[in-house]
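**Q** Take a look at the following structure, please.
The values are calculated or read from the model by the stated rules, or taken from the named source; none is laboratory data. Note that this is a predicted model, so its numbers are computed, not measured. Positions of Cβ are generated from backbone atoms using ideal geometry, with glycine treated the same way; all protein chains shown enter the neighbour counts. Keep in mind that these areas ignore ligands, DNA and RNA; they rest on the heavy atoms of the full protein, side chains included. Shrake-Rupley method; radii C 1.70, N 1.55, O 1.52, S 1.80 Å.
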Amino acid sequence: GASGTAKSMELFRRAVELDPSQAEAHAGLAEALCYAAIYDLRPCAEAYPAARVEALRALELDGSNGSAHDALADVIQGYDRDLAGAQKEFKRALALNPSDPIVRARYAENLTRMGKFDEAVQATEKTLALDPASPITYSSRAMIFFRSRRYDESIQASQQALDFDPGFVQALWWQGVSYAGKRDFPKSLADLTKALSIADGPLFRGYLGFVYGQAGEKVKAVGILKELTMLSKQRWVSPIDYALVYAGLGDADSTFAWLEKAYQAHETRFELASFYYDSFRSDPRFANLVRRLGLLFPVPPPK
């Protein structure tokens with residue numbers, strides 16, 4: 001989660017300072033910076049270029065470091081928006097670290113961006129066989145099911161992760177948004193509120209604001225927008241978080257204005273395949289954004 005990412009970033013940074021010749025330390029810092037981009041801890045435009053520097057340094061020191069290839073793949077996908085180039089790099093990482101659940105999860109996530117939803121689910125089966133007792137394994141599987149719009153299976157996988165660790169925020173995240181996909185707003189709000197209580201910050205506020213808007217609780221959604229604006233005076237808040245709340249409120253112009261800011265800021269968490277933006281799919285601005293992001297088949301086929 002976010003707090004773990006901040007700690008690991010600090011530890012790997014110290015390790016790099018102590019011994020700059022250690023490929024592992026550079027690769028670890030690169031991975032932590034990639035997570036910082038995803039969890040709203042750093043602007044993507046700052047975190048990804050820094051991650052690239054560390055990953056390339058690790059590969060100079062040891063070309064067979066799978067974690068460095070994995071981080072580099074994430075930068076190519078998230079920052080360069082080159083899905084095919086990222087997939088090549090993910091495959092290199094997998095060949096070097098075939099049993100690493102995080103590498104496998106990232107590879108499966110890349111497949112969803114390429115519209116290969118069934119293949120992505122199959123990739124999580126392999127992870128499950130390798131690491132059947134980890135909340136990360138089930139949580140990443142929940143994410144793939146959510147992206148594939150298989151909400152019941154996403155909720156089930158999230159619950160399996162929460163059985164191992166009741167406070168595992170990623171699982172609360174995927175379970176919460178899957179309940180929203182089923183329009184079960186009370187359960188969705190309960191999960192996302194709990195996630196926010198564990199990992200306070202803009203990330204879960206954006207999803208909460210979306211669900212409040214969808215549930216017709218406009219005053220609460222607008223309250224979240226105010227909270228995000230207050231937070232933005234102290235720390236980084238991704239334009240994606242605002243876009244989500246406006247999408248929940250059904251405000252197309254504001255949603256696209258913030259998505260455009262996110263595009264310009266090199267943000268990665270677009271999730272355009274998800275149901276968040278379903279009511280805007282016929283808007284020409286949606287197709288234009290999909291094209292510029294290089295997403296191949298952003299919407300899964302109806303099951």
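**Q** Send over the Kirkwood Rh of the chain, from the inverse of the averaged 1/r over different Cα pairs, rounded to one decimal Å.
**A** One over the average 1/r among Cα pairs gives 19.3 Å for the chain.
**Q** Another question, if that's okay. Which lysines have a Cα lying under 25 Å from the Cα of Lys194, excluding residues fewer than 8 positions away in the same chain?
**A** Filter leaves Lys7, Lys182, Lys218, Lys220, Lys226, Lys233.
**Q** Using label points projected 7 Å from each Cα along Cα→Cβ, tell me how many nm separate Thr229 and Arg14, to one decimal.
**A** With each label point 7 Å from Cα toward Cβ, the separation is 4.0 nm.
**Q** Dipole of the chain, Cα-centred, from +1 at each Lys and Arg C-beta and -1 at each Asp and Glu C-beta, to the nearest 20 debye? Working shown, then result.
**A** On the way: 36 positive and 38 negative charges, 152 e Å.
About 740 debye.
**Q** With +1 on the Cβ of every Lys and Arg and -1 on the Cβ of every Asp and Glu, and nothing else charged, how large is the dipole of region 135-179 about its Cα centre, in debye rounded to the nearest 20?
**A** 220 debye
**Q** Moving on to the next point. Could you derive backbone 3J(HN,Hα) for region 288-293 from the dihedral phi with the Karplus parameters 6.51, -1.76 and 1.60 (θ = phi - 60°), listing whole Hz in sequence and x where the residue is Gly or Pro?
**A** 4, 5, 4, 5, 5, 7
**Q** Check cross-link reach from Lys91 to the lysines: straight Cα distance under 22 Å, and skip same-chain residues fewer than eight apart.
**A** Lys116, Lys126
**Q** So, how do all the Cα-to-Cα distances of region 1-134 break down into 5 Å bins, in percent, from 0 on up?
**A** The calculated distribution, bin by bin, is 2, 12, 20, 23, 21, 15, 6, 1, 0.
**Q** A further question on this structure: Under 16 Å from the Cα of Lys187, which aspartates and glutamates turn up, not counting those fewer than eight places away in the same chain?
**A** Within the straight-line limit of under 16 Å, Lys187 reaches these aspartates and glutamates: Asp152, Glu153, Glu217.
**Q** Evaluate the charge dipole of region 197-303 about its Cα centre and quote only its size in Debye, nearest 20, assuming +1 on the Cβ of each Lys and Arg and -1 on the Cβ of each Asp and Glu. If you can, show how the numbers build up before the last one.
**A** On the way: 13 positive and 11 negative charges, 23 e Å.
Taking the Cα centre of region 197-303 as origin, the dipole is about 120 debye.
**Q** Using the Karplus equation 6.51 cos²θ - 1.76 cosθ + 1.60 (θ = phi - 60°), what ³J(HN,Hα) coupling, rounded to whole Hz, does each residue of region 102-108 give in order, writing x for Gly and Pro?
**A** 6, 4, 5, 5, 5, 4, 4
**Q** Please give the net charge around Tyr212, taking every other residue with its beta carbon less than 12 angstrom from that of Tyr212, where Lys and Arg add +1 and Asp and Glu add -1.
**A** With Lys, Arg at +1 and Asp, Glu at -1, the neighbours total +1.
**Q** Given N residues in region 93-191, what is Rg(Cα) / (2.2 N^0.38 Å)?
**A** Rounded to two decimals, the normalised Rg is 1.03.
**Q** Tally up the carbon and sulfur contribution to the accessible surface of region 83-242 as a whole percent, 1.4 Å probe, everything protein left in place.
**A** 54 percent
**Q** Within the set of other residues whose C-beta is less than 13 Å from the C-beta of Gln264, count the net charge using Lys and Arg as +1 and Asp and Glu as -1.
**A** +1
**Q** If you count only protein heavy atoms with a 1.4 Å probe, what accessible area per residue comes out for region 197-303, rounded to a whole Å²?
**A** Result: 45 Å² per residue.
**Q** Helix-derived [θ] at 222 nm for the chain: sum -39500 (n - 2.57) over DSSP H runs of at least 4, divide by residue count, nearest 500?
**A** The helix-only estimate for the chain comes to -23000 deg cm²/dmol at 222 nm.
**Q** Further, regarding this structure: Just to confirm, what accessible area per residue do you get for region 1-119 at 1.4 Å probe, in whole Å²?
**A** Per residue, region 1-119 has 40 Å² of solvent-accessible surface.
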